[in-house]
Amino acid sequence: MSIELLQAPPTTVISTSGEMVTLTPGLDLILPCWNPSGPWVESLIRHYHEVTTIMGKVPVQLILVNDGSERNFTAQHIAWLEAAIPDIIIVSYTRNRGKGYAVREGVKRSQHAYQVYTDLDFPFGIYAVKEAYDRLQQGLDVVAGERGAAYLRALPRKRRTITRISRFLNRIVLDLKVEDAQAGLKGFNAYGRNILLKTRIDGFLYDSEFLYHAGRRPHVKIGAVAVSCRPGIQFSSFRFKLLMKEMMNYCKIIIGSKAA
């Protein structure tokens, strides 16, 4: 569901279906996941309470999206979460659709003035969430995490090459205002919410699509927050089939940019 803004900063908006939606003060924290590993429930509960502590009096709504997990996401896991975080919203469906689809499904359930999404394991720590929220409070419409040179040096060689190619395309071809589009941390207000819900890519490159369309709107203020990976983060590898699929998605963005 996308929305049309009535005022800025927005509080009451109208969806494209005509439904009135009131965005209350606070933060929706959206976490997509697929086949989570290890004792992830305990880790999530700890991270959630740490976030609510540093956010002080700001209401925080946790929205967890299960993107068709085949293992380690059961009714028992849900029961543990609901017992520890009674107001948690859990979105779950059986087919794995991709991170972009999962984020959009989470954003559809949001009801606060600001949203931040990140990965289930909080790869950039909890303070990155608060910094993104603070930047939105200061007037930005879209905030993107931006990883520096230290992140590149820590990557396996194959993934480092892929990341450099992606950043080059983001800068030269798509002319994104944020070069590092794929960092797993984004924040936005109702302007950004509206744009994100109009994206169509289901895989990882939905980030680039989101930032591309946001950058095409002169009134949308986009900024970055410097983030770094917390110790102990494990980097996943990309399979060839996935790389080919994402390359096709990049072509869709490029074709769309030329047609616009």
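Selection over the range 98-119 of residues that are polar (S, T, N, Q) and more than 9 Å from the chain's Cα centre (by Cα) gives a count of 2. Checked against (1) closer than 22 Å to C229 by Cβ; (2) touching an Asp or Glu at 6+ places or on another chain (Cβ under 8 Å); (3) not charged (D, E, K, R), I88 meets all criteria but (1). Among the residues of the range 177-194, those that are touching a Ser or Thr at 6+ places or on another chain (Cβ under 8 Å) and either open to solvent by 10 Å² or more (accessible area, probe 1.4 Å) or in a helix (DSSP H, G or I) (or both) comprise Q182, R193, N194.
Tell me whether the range 219-229 contains one or more residues that are at pLDDT below 95, open to solvent by less than 30 Å² (accessible area, probe 1.4 Å) and small (G, A, S). No - not one qualifying residue is present in the range 219-229.
Taking the range 20-49, which residues are open to solvent by 70 Å² or more (accessible area, probe 1.4 Å) and either touching a residue at least 40 places away in the same chain (Cβ under 8 Å) or in contact with a Cys (Cβ under 6 Å, 6 or more places away or on another chain) (or both)? If the condition is that a residue be open to solvent by 70 Å² or more (accessible area, probe 1.4 Å) and either touching a residue at least 40 places away in the same chain (Cβ under 8 Å) or in contact with a Cys (Cβ under 6 Å, 6 or more places away or on another chain) (or both), then T22, P25, W34 are the ones that fit. When V129, V116 are checked against the criterion of being assigned to a helix (DSSP H, G or I), touching a residue at least 40 places away in the same chain (Cβ under 8 Å) and of a type in the set (A, V, I, L, M, F, W, C), a single residue qualifies: V129. Whether any residue in the range 237-250 is closer than 16 Å to A183 by Cα, at pLDDT below 95, assigned to a loop (DSSP other than H, G, I, E, B) and in contact with a strand residue (DSSP E or B) (Cβ under 9 Å, 6 or more places away or on another chain) is what I want to check. Checked the range 237-250: no residue is closer than 16 Å to A183 by Cα, at pLDDT below 95, assigned to a loop (DSSP other than H, G, I, E, B) and in contact with a strand residue (DSSP E or B) (Cβ under 9 Å, 6 or more places away or on another chain). Taken over the range 136-154, the criterion of being buried (at least 18 other Cβ atoms within 10 Å of the Cβ) and in a helix (DSSP H, G or I) is satisfied by L136, Y151. Residues in the range 158-176 that are surrounded by fewer than 15 Cβ atoms within 10 Å (Cβ to Cβ) and aliphatic (A, V, I, L, M): I165, I172. Within the range 34-49, the presence of a residue that is assigned to a strand (DSSP E or B), modelled with pLDDT of 95 or more, over 25 Å from R135 (Cα atoms) and among the acidic types (D, E) is excluded.
Beta carbons closer than 7 Å, at least 6 apart along the sequence or on distinct chains, pair a first residue in the range 77-96 that is free of Cβ contacts under 8 Å to residues at least 60 places away in the same chain and of a type in the set (A, V, I, L, M, F, W, C) with a second that is open to solvent by 70 Å² or more (accessible area, probe 1.4 Å) and assigned to a helix (DSSP H, G or I) for I88/E82. Just to verify a result, which residue in the range 62-88, among those that are open to solvent by 50 Å² or more (accessible area, probe 1.4 Å) and outside any helix (DSSP H, G or I), is modelled with the lowest pLDDT? Of everything passing the filter in the range 62-88, P86 is modelled with the lowest pLDDT.
The values are calculated or read from the model by the stated rules, or taken from the named source; none is laboratory data. A quick note: this is a predicted structure, and the numbers were derived from the prediction, not measured. Glycine also receives a Cβ, built like all others from the backbone with ideal geometry; neighbour counts cover every protein chain displayed. Note: areas computed on protein heavy atoms with side chains; ligands, DNA, RNA excluded. Shrake-Rupley method; radii C 1.70, N 1.55, O 1.52, S 1.80 Å.
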